[in-house]
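The values are calculated or read from the model by the stated rules, or taken from the named source; none is laboratory data. Bear in mind that the values here come from a model prediction, so they are computed numbers and not experimental data. A quick note on method: Cβ atoms are made from the backbone with ideal geometry, for glycine too, and the neighbour counts reach across all protein chains shown.
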Amino acid sequence: MSNDISPAAMALAAYLENFEPAQDGTDVLLKTTEAIERELQDMAEPQEGEVANLMLLAGYRIVYRPDGRHGWAMARRQ
């Protein structure tokens, strides 16, 4: 294992194997950074901003809905 990859990055990569970046019009899940961090906390403790940075690098985008909901636009892999 490389020392350049954090445990949080490895945990997030495994987590994202179940998801892909969503486009409008698909079954979009909106997950906040905090929600993703909570789901990963039993595996790793990401540094501040680490999950958000990795999500951007993986091609995810933040969506703000008129009803006030916001989060990373995600779709479950088929």
Filter result (touching a strand residue (DSSP E or B) at 6+ places or on another chain (Cβ under 8 Å), in contact (Cβ under 8 Å) with a residue 40 or more places away in the chain and surrounded by 12 or more Cβ atoms within 10 Å (Cβ to Cβ)) within the stretch 19-54: Phe19, Glu20, Pro21, Ala22, Thr26, Val28, Leu29, Leu30, Lys31, Thr32
Tally of residues being closer than 16 Å to Met10 by Cα and either touching a residue at least 12 places away in the same chain (Cβ under 8 Å) or surrounded by 14 or more Cβ atoms within 10 Å (Cβ to Cβ) (or both) across the stretch 55-78: 2
Residue within the stretch 21-42 that is in a helix (DSSP H, G or I) and of a type in the set (S, T, N, Q) present: yes
The stretch 40-70: number of residues that are in contact with a Lys or Arg (Cβ under 9 Å, 6 or more places away or on another chain) and at pLDDT below 95: 1
Flag for Val63 being assigned to a helix (DSSP H, G or I) and β-branched (Val, Ile, Thr): no
